[in-house]
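The structure appears right after this line, and notes come after that.
The values are calculated or read from the model by the stated rules, or taken from the named source; none is laboratory data. Just so it is clear, the structure is predicted and the values come from calculations on it, not from any experiment. Neighbour counts are summed over all protein chains in view; Cβ atoms, including those assigned to glycine, are modelled from backbone coordinates with ideal geometry.
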Amino acid sequence: MPEAADPTDNLRHRDLHLEITPFLNGLVDMAQRCGIPIQPIHGTAAGHLTGVTGSFKVSEDLPAISFYAREHSPELFGAFSSSRRGISWSVAWPLQQFTFRLQGGNDSELGYLAVGGVEWTHPAKPVAIGIGMPMNLHGGGQVGGVVMLRVKF
């Protein structure tokens, strides 16, 4: 007698598509009403939310701290950033010639790691140097450091 098929097999092999844009738009609206300086980033589809961005000042004498979480990095060039597609996030604070960063994503240069560090980017040439500490987002307990040099030819 043939073995009965598992009814959950079909469910395991289907792609799941959820429309969460209304939920995310509601979160952005709520954050704005609470005074959080956040702005939505909409994709090519009308009303499709692809991320959020914002900035705020900690002092009138210092540059603003900026942040984003979105489908792909808006940064075209940097020591720790990749312009490839995938979810990415960053908190950056530029101070004179250097930028302090905490960033990561699912398609980052370092895989599933986030990086906290300092970055210097040449103002006119595509040269970036970064020194930081990678953080394993999957709970690994090892500590290390990373030095990144990126040059675009």
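Some values worked out for this structure:
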item: From the options ALA64, ALA69, ALA31, ALA46, residue that is of a type in the set (A, V, I, L, M, F, W, C) and at pLDDT below 80; result: ALA46
item: Some residue of the range 88-95 being under 30 Å from SER59 (Cβ atoms), touching a His at 6+ places or on another chain (Cβ under 7 Å) and at pLDDT 75 or above; result: yes
item: Number of the exception - THR99 against (1) over 18 Å from the mean Cα position of the chain (by Cα); (2) modelled with pLDDT of 90 or more; (3) hydroxyl-bearing (Ser, Thr, Tyr); result: (1)
